[in-house]
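The values are calculated or read from the model by the stated rules, or taken from the named source; none is laboratory data. Keep in mind that what you see is a predicted model, and the values were worked out from it rather than measured. We place every Cβ from the backbone using ideal geometry, glycine too, and count neighbours over all the protein chains shown.
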Amino acid sequence: MMNKTLQAVLLTSMLPFVANAADGMSPWYVGGGVGINNYEPNCDQKTMKTCGDDDPYAWDVFAGYLFNDYFGVELGYRDLGRAEWVDYSDKLNDVGARGMNLGLVAFWPFANRWSLSAEAGALNYLISNNKNYGSEYYSDSGVAPYIGAGIGYNITDNLKLQAKYRRYENLDEDKWKTLEMESNYWGLELSYRFGSKSKPIVPVAVVVGDADNDGVNDDMDQCPDTPATHKVDSNGCTIYQDAEDKFEIEAKFATNSAIVQESSYSDIKDLAEYMSKHPNSEVVIAGHASNTGAADYNMALSERRAIAVADVLINEYGIAPARVSSKGYGITQPLIEGSSKEANQANRRIEAHVSGTEKVPVLK
């Protein structure tokens with residue numbers, strides 16, 4: 001039986017390799033196979049009294065990775081079929097094994113599309129015996145080493161058909177020590193390798209220009225004839241940004257209050273109608289305060305007032321909440337510096353910044 005040390009050696013042996021797939025071909029492939037499996041002991045040996053109706057048909061599915069054109073690793077699942085026999089205690093044994101496998105594969109191409117292969121690995125198996133028509137059932141698991149060989153033919157660059165032989169050792173049932181088995185498998189498998197081989201490129205001398213003078217050569221320019229005043233991206237196409245529309249909202253509040261008076265709903269209604277005409281638009285309600293009193297208090301008051309205007313826009317005029325946000329700026333963004341009557345009147349304001357109505361080009 002393969003122990004944990006052998007499993008570790010199998011895994012660490014893969015680390016030094018680097019993928020070196022053929023040009024354009026992926027190192028990854030998948031496939032499946034079907035075949036016949038013959039367990040040992042079998043009906044030709046003296047441990048059996050008579051044979052039953054075997055179900056020797058085996059199958060597997062797998063995925064592989066090629067480190068280069070000659071060496072790779074495969075991970076898969078295998079079902080080795082079942083065998084029946086009557087032992088000398090006149091009990092029918094119905095035995096089968098299946099499980100995950102991990103192994104290394106090597107390839108030797110020859111002729112045109114032909115190749116030989118060899119493999120070695122381990123099967124983490126579950127072996128079971130439905131004994132005496134299921135009246136007795138027992139199972140055990142373990143790790144069995146296997147080796148194999150094959151011959152394959154590449155039908156296309158992606159499809160390969162292979163004939164395979166594999167030998168499994170130590171398919172044992174150790175719990176009750178009733179089964180000590182090996183097996184021989186013969187089958188066919190079909191695999192598909194991803195990717196496609198690149199066609200050779202013939203170098204041609206080409207004079208590359210920049211007809212629209214946007215800084216991107218014509219062979220890379222996906223948007224010819226862009227205006228000279230526009231900034232362009234790496235593909236030569238105009239860079240656009242969201243236009244922003246700004247609304248001044250004359251919202252009236254009582255002193256130290258964040259309740260919007262109904263007499264100032266007119267500007268909010270105009271904003272709602274504008275956003276209804278532009279269903280992709282979004283708005284940020286910005287609250288600003290005058291430079292009187294404590295800065296922290298003014299910051300909190302400007303934020304509450306911005307939220308109050310946003311609530312009117314949502315609850316009174318039906319603008320979706322996801323399209324409306326608010327923020328208080330306190331005295332941090334004055335229109336006029338100072339705390340004069342004129343400055344306080346100008347700085348104590350509500351602004352609406354609407355975006356998403358249209359895209360405008362970014363100019364140089």
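Assess whether K277 counts as being of a type in the set (K, R), surrounded by fewer than 16 Cβ atoms within 10 Å (Cβ to Cβ) and closer than 18 Å to N347 by Cβ.
No: the conditions fail for K277.
Check the range 83-93 and report whether any residue there is touching a strand residue (DSSP E or B) at 6+ places or on another chain (Cβ under 8 Å), without any contact (Cβ under 8 Å) to a residue 24 or more places away in the chain and loosely packed, with under 14 Cβ neighbours inside 10 Å.
Checking the range 83-93: not a single residue is touching a strand residue (DSSP E or B) at 6+ places or on another chain (Cβ under 8 Å), without any contact (Cβ under 8 Å) to a residue 24 or more places away in the chain and loosely packed, with under 14 Cβ neighbours inside 10 Å.
Just to verify a result, which residue in the range 224-266, among those that are of a type in the set (F, W, Y) and within 51 Å of the chain's Cα centre (by Cα), is surrounded by the most Cβ atoms within 10 Å (Cβ to Cβ)?
Y265
Please enumerate the residues belonging to the range 133-159 that are in a strand (DSSP E or B), surrounded by 14 or more Cβ atoms within 10 Å (Cβ to Cβ) and of a type in the set (D, E, K, R).
Correct list: D140 only.
Do we have any residue at all in the range 176-189 that's free of Cβ contacts under 8 Å to residues at least 12 places away in the same chain, assigned to a strand (DSSP E or B), farther than 23 Å from S26 by Cβ and touching a strand residue (DSSP E or B) at 6+ places or on another chain (Cβ under 7 Å)?
Yes, the range 176-189 contains at least one residue that is free of Cβ contacts under 8 Å to residues at least 12 places away in the same chain, assigned to a strand (DSSP E or B), farther than 23 Å from S26 by Cβ and touching a strand residue (DSSP E or B) at 6+ places or on another chain (Cβ under 7 Å).
In the range 230-261, how many residues are touching a helix residue (DSSP H, G or I) at 6+ places or on another chain (Cβ under 9 Å) and more than 19 Å from E358 (Cβ to Cβ)?
Here the count works out to 11.
Under the condition of being crowded, with 16+ Cβ neighbours inside 10 Å and over 30 Å from E40 (Cβ atoms), which residue from the range 184-209 is modelled with the lowest pLDDT?
Ranking the qualifying residues of the range 184-209, first place goes to G195.
Give the residues of the range 89-132 that are of a type in the set (K, R), modelled with pLDDT of 90 or more and assigned to a strand (DSSP E or B), sorted by residue number.
R98
Say we look at the range 323-364 and pick out the residues that are assigned to a loop (DSSP other than H, G, I, E, B) and of a type in the set (K, R); which of these is modelled with the highest pLDDT?
R348
Among the numbered criteria (1) assigned to a strand (DSSP E or B); (2) touching a residue at least 24 places away in the same chain (Cβ under 8 Å), which single criterion is violated by D79?
Among (1) assigned to a strand (DSSP E or B); (2) touching a residue at least 24 places away in the same chain (Cβ under 8 Å), the lone unmet condition for D79 is (2).
Is it the case that the range 224-246 has a residue that's without any contact (Cβ under 8 Å) to a residue 40 or more places away in the chain, touching a Pro at 6+ places or on another chain (Cβ under 9 Å) and of a type in the set (G, A, S)?
Yes, that holds for at least one residue.
Take the residues in the range 294-322 that are assigned to a loop (DSSP other than H, G, I, E, B) and surrounded by fewer than 21 Cβ atoms within 10 Å (Cβ to Cβ); name whichever of them is nearest to the chain's Cα centre (by Cα).
It comes out as A320.
Being surrounded by 17 or more Cβ atoms within 10 Å (Cβ to Cβ) and closer than 13 Å to I285 by Cβ is the filter here; which residues of the range 324-364 pass it?
Residues satisfying the conditions are V324, S326, G328, Y329, R349, I350, E351, A352, V354.
Count, please, the residues in the range 160-179 that happen to be more than 17 Å from G99 (Cβ to Cβ) and surrounded by fewer than 14 Cβ atoms within 10 Å (Cβ to Cβ).
Looking only at that region, the number is 2.
When residues of the range 117-146 are filtered for being under 20 Å from Y65 (Cβ atoms) and without any contact (Cβ under 8 Å) to a residue 40 or more places away in the chain, how many remain?
Matching residues across the range 117-146 total 3.
Considering only residues that are modelled with pLDDT of 95 or more and not charged (D, E, K, R), look in the range 159-183 and name the one that is nearest to the chain's Cα centre (by Cα).
The qualifying residue nearest to the chain's Cα centre (by Cα) is L159.
Those residues that are modelled with pLDDT of 85 or more and surrounded by 15 or more Cβ atoms within 10 Å (Cβ to Cβ), I need them from the range 33-48; list them, please. Spell out the reasoning first.
So in the range 33-48, the residues modelled with pLDDT of 85 or more come out as 33-39.
Selection gives G33, G35, N37, N38, Y39.
Checking S257 against (1) outside the structural domain of R349 (by TED's automatic domain parsing); (2) of a type in the set (G, A, S); (3) without any contact (Cβ under 8 Å) to a residue 24 or more places away in the chain, which test does it fail?
(1)
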